Amino acid sequence: RTAKPRGTAAGRLTKIALARGDWATAERELATAREHYGRHDPQPQHTLALARYTLELAAARGRIEEVRAVLDEASEIGLPPTAAPYVWPLLLAAATAEADARGLPRADAGRAETLRRIRRAAKATAQPVPLWQAHALLLEAEVRRAEGIGDPARWMAAADALE
């Protein structure tokens, strides 16, 4: 009945809707999650998860400028090095959006700077466990794809690490 459980439930429903490609439901549930967390609960597990979902929804709708704005806002609020479970998925979603938007005229401008910010944030994020080390490998492979560099060895290293 309190705000946090409702916000958490709405966040999880957002994640499910995004995975299903149900953008309308994702948008509605994301708005609900924001309403329950609001600005009064700036903990990374809430703010960064919602930023990731916002970013993924923008990417799904082809709004690369919005993707970058969400990443910028999350970076300004803070990407704590110790919040790896929330930072890595956000950075990976941003890198994937950049890679998927390659070749779109309006997306090429600003990509290099965004990828530099992603790499800088990744470098500052903790990798104390194998899962986050795997995410770092996966992120670098995705960033290189966004740069137009095919690198099968990096993808294999990421896949091996994830296994």
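The values are calculated or read from the model by the stated rules, or taken from the named source; none is laboratory data. Since we're looking at a predicted model, the values are computed, not measured. Every residue, glycine as well, gets a Cβ built from its backbone with ideal geometry; the counts of neighbours run over all protein chains shown. Ligands, DNA and RNA are excluded from the accessible area calculation, which covers all protein heavy atoms including side chains. Shrake-Rupley method; radii C 1.70, N 1.55, O 1.52, S 1.80 Å.
Give the number of residues within segment 112-133 that are modelled with pLDDT of 95 or more and within 17 Å of Thr82 (Cα to Cα).
Residues meeting the conditions: 2.
Would you pick out the residues in segment 133-163 that are among the β-branched types (Val, Ile, Thr) and out of contact with any helix residue (DSSP H, G or I) (no Cβ under 8 Å at 6 or more places or on another chain)? Please lay out each step first, then the result.
Within segment 133-163, the subset among the β-branched types (Val, Ile, Thr) is 143, 149.
Within segment 133-163, just Ile149 meets the criteria.
Which of the residues spanning segment 100-125 are open to solvent by less than 70 Å² (accessible area, probe 1.4 Å) and either aromatic (Phe, Trp, Tyr) or closer than 19 Å to Ala157 by Cα (or both)?
The answer is Ala122, and nothing else.
Being closer than 21 Å to Glu27 by Cα and open to solvent by 50 Å² or more (accessible area, probe 1.4 Å) narrows it down to one of Ala93, Ala59, Ala69, Ala97, so name that one. It would help to see each step written out before you state the result.
Values: Ala93 fails: open to solvent by 50 Å² or more (accessible area, probe 1.4 Å); Ala59 fails: open to solvent by 50 Å² or more (accessible area, probe 1.4 Å); Ala97 fails: open to solvent by 50 Å² or more (accessible area, probe 1.4 Å).
Among Ala93, Ala59, Ala69, Ala97, only Ala69 is closer than 21 Å to Glu27 by Cα and open to solvent by 50 Å² or more (accessible area, probe 1.4 Å).
Step by step: first the residues of segment 139-163, then only those that are touching a residue at least 40 places away in the same chain (Cβ under 8 Å) and farther than 15 Å from Tyr86 by Cα, then the one that is most open to solvent (accessible area, probe 1.4 Å). Which residue is that? Spell out how you get there, then give the answer.
Residues of segment 139-163 touching a residue at least 40 places away in the same chain (Cβ under 8 Å): 139, 142-143, 145-146, 148.
Next, from what is left, pick out any that are farther than 15 Å from Tyr86 by Cα: 142-143, 145-146, 148.
Working: Glu142: 16, Val143: 1, Arg145: 83, Ala146: 0, Gly148: 50 Å².
Across segment 139-163, the extreme among qualifying residues is Arg145.
Quick one: in segment 42-56, of everything that is over 18 Å from Ala9 (Cβ atoms) and over 10 Å from the mean Cα position of the chain (by Cα), which residue is modelled with the lowest pLDDT?
The extreme case among them is Pro42.
Any residue in segment 105-117 that's farther than 16 Å from Val70 by Cα: show its pairings with residues that are among the hydrophobic types (A, V, I, L, M, F, W, C) and surrounded by 12 or more Cβ atoms within 10 Å (Cβ to Cβ) at Cβ separation under 9 Å, as long as the two are six or more apart or on different chains.
Here the result reads Arg106/Ile64; Asp108/Ala101, each pair linking segment 105-117 to a residue that is among the hydrophobic types (A, V, I, L, M, F, W, C) and surrounded by 12 or more Cβ atoms within 10 Å (Cβ to Cβ).
Working only within segment 138-154, note down all residues that are among the acidic types (Asp, Glu) and assigned to a helix (DSSP H, G or I).
Going residue by residue through segment 138-154, those that are among the acidic types (Asp, Glu) are 140, 142, 147, 151.
Matches in segment 138-154: Glu140, Glu142.
Can you say whether Leu50 is part of a helix (DSSP H, G or I), touching a Phe, Trp or Tyr at 6+ places or on another chain (Cβ under 9 Å) and closer than 21 Å to His135 by Cβ, as far as the supplied structure shows? Reasoning before the result, please.
Details: part of a helix (DSSP H, G or I): yes; touching a Phe, Trp or Tyr at 6+ places or on another chain (Cβ under 9 Å): yes; closer than 21 Å to His135 by Cβ: yes.
For Leu50, the condition - part of a helix (DSSP H, G or I), touching a Phe, Trp or Tyr at 6+ places or on another chain (Cβ under 9 Å) and closer than 21 Å to His135 by Cβ - is met.
Quick one: Thr2 ticks every box in (1) open to solvent by 80 Å² or more (accessible area, probe 1.4 Å); (2) of a type in the set (Val, Ile, Thr); (3) touching a helix residue (DSSP H, G or I) at 6+ places or on another chain (Cβ under 7 Å) bar one, so which box is it?
Exception for Thr2: condition (3).
Yes or no: segment 14-21 includes at least one residue that is open to solvent by 40 Å² or more (accessible area, probe 1.4 Å), at pLDDT 95 or above and part of a loop (DSSP other than H, G, I, E, B).
No, the conditions are met nowhere in segment 14-21.
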